[in-house]
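To start, the structure under review is shown below, and the notes come after it.
FYI, it's all coordinate maths here, none of it is from the lab. The structure displayed is predicted, hence computed values, not measured ones. All Cβ positions, even for glycine, are placed from backbone atoms using ideal geometry, and neighbour counts span all protein chains on display.
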Amino acid sequence: ERDGYEHYMLKEINEQPNALDRTVSGRIGNDGSVSLSSFPPGTFADVRDVQFVACGTSYHAAMYAREHLIEMGVPAYTFRAGEYATAPAPADEDTLVVAVTQSGETADTLQSVRHARDAGARTLAVTNVVGSTASRECDDALFIRAGPEIGVAATKTFSSQVAALSLLGERLVEDVTGEPSPDRAERGAALRRLPADVQRVLEDSPVAKLADEYRGRDAYFFIGRGVGHPVALEGALKFKEITYEHAEGFGSAELKHGPLALVTEDTPVVAVFDGRHGEKALANVEEVRARGAPVIAVAGEGSRKVREIADEFLPVPDTHPDATGVLANVQLQLVSYHVADLLGRAIDKPRNLAKSVTVE
Ligand code: F6R
């Protein structure tokens, strides 16, 4: 069942090229135009603003999706569903509330959708499970087609959520602003190349050889800017879930406002570069290096300066920044997996956690 893999998590990490292929197949034209059968052009012409509601890893996918929308001038906000469920944001019929939920059964996310519906908002589920409660209760559903995920730690569903949300994002940009994204063709090409690029990361990753060197430290920090920020949060979440080591993710901009006090020689810092915020991101790395922290950088393979400054360099194929985060995240999945494996953790069933959280 695990196809010879020791854990479902590793199997599912390795399934990402196929999962992503299914997510995007038939949905992107050569010019980067998006065709989503349930959402023809104009579907979202009446949308004024977008509210994402989600938990955990799915929340990170939502943060990732928001980057493109706000850059293109579409007002978009992310809410942790656990908070929205008790304190929903104001919404009306011009608001599109997008529930991002792999299982489609997360109680807080469903509760958020019910609030949104009561407020008159339009609701859309982005989910992996056909027939799930979210897909039935929302006005519409976009299926990410990742295939079943058994490991408690979400891996391939994150990648497929980001890819599906990228398609939805382009549809929203075009419908809401009346113009395609100026880099639509490059974004589309990067998405179509993503399965092959992920395959390259999986084949060439140096992580298995590095993990031993970095296990057993005081704490682990993950930082990033742009889409590197949600990827840093996701890297830290996965790391704490399956290694049980203390890990925290921050937007790099937050470092100076507190977390830097915790940085020492015994706190490896994993820095995610999205290829867009070079100078500032490098400055943040200098700040932690000055405190003696070992830096593990994840960046496009052509990032010469990053390669020079980092103690360890985890390269990903150079591509559009919106795809770079997904590739960087694959390296981080492998970091968590290999450290947890060396520590002998119950990788597929981490203590205290359930695959889907059906209570509020
Ligand atoms: C982390 C993880 C959880 C889920 C969260 C939401 O690895 O899997 O954080 O992402 O419980 O689940 P869904 O997407 O099913 O709503």
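Here are some notes:
- Qualifying GluC sites (Glu not before Pro) in region 222-283, DSSP loop, other Cβ atoms within 10 Å at most 15: GLU265
- With a cut-off of 15 Å between beta carbons, the residues surrounding THR157 carry a summed charge of -2, where Lys and Arg count +1 and Asp and Glu -1.
- When only alpha carbons are used to place a centre, region 288-338 and region 102-127 end up 35 Å from one another.
- Relative contact order of region 190-314: 23 percent, from C-alpha pairs under 8 Å at least 6 residues apart in sequence.
- If the segment from ILE150 to ALA219 were pulled out straight at 0.36 nm per residue, it would be longer than the present Cα-Cα gap by 22.0 nm.
- Of ILE242, ALA54, THR324, farthest towards positive along the dipole that unit charges on Lys, Arg, Asp, Glu beta carbons give the chain: ILE242
- Gain on full stretching of the segment that runs from ARG2 to ASP94 - 0.36 nm per residue minus C-alpha separation: 28.6 nm
- Rounded to 5, the percent of DSSP beta bridges in the chain classed as antiparallel: 5 percent
- FRET efficiency for the pair GLU137 and SER35, taken as 1/(1 + (r/R0)^6) with r the Cβ-Cβ distance and R0 = 30 Å, rounds to 0.70.
- At R0 = 25 Å, FRET efficiency that the Cβ-Cβ distance of ALA196 and ASP311 yields, to 0.05: 0.30
- Nearest-20 debye value, region 61-192 charge dipole, Cβ charges on Lys, Arg, Asp, Glu: 460 debye
- Overall form of region 43-177 per C-alpha gyration tensor (a/c, 1.5; a/b vs b/c): oblate
- Only the Cβ atoms of Lys and Arg (+1) and of Asp and Glu (-1) were treated as charged; on that basis the dipole of the chain about its Cα centre amounts to roughly 320 debye.
- When the chain is treated as a GNM with alpha-carbon contacts under 10 Å, the residue of ALA346, ALA19, ALA328 showing the greatest mean-square fluctuation is ALA346.
- Length gained on full extension, LYS355 to GLU301, computed as 0.36 nm times the residue gap minus the Cα-Cα distance: 16.0 nm.
- Net charge in the neighbourhood of GLY278 (other residues with Cβ under 12 Å of its Cβ; Lys, Arg +1, Asp, Glu -1) is +3.
- For region 149-264, the relative contact order works out to 18 percent when only alpha carbon pairs closer than 8 Å and six or more residues apart are counted.
- Computed from the C-beta positions of ARG291 and LYS209 and an R0 of 25 Å, the FRET efficiency is 0.45 to the nearest 0.05.
- Taking a Cβ cut-off of under 12 Å around PRO294, the surrounding Lys, Arg, Asp and Glu residues balance to a net charge of -3, with basic ones at +1 and acidic ones at -1.
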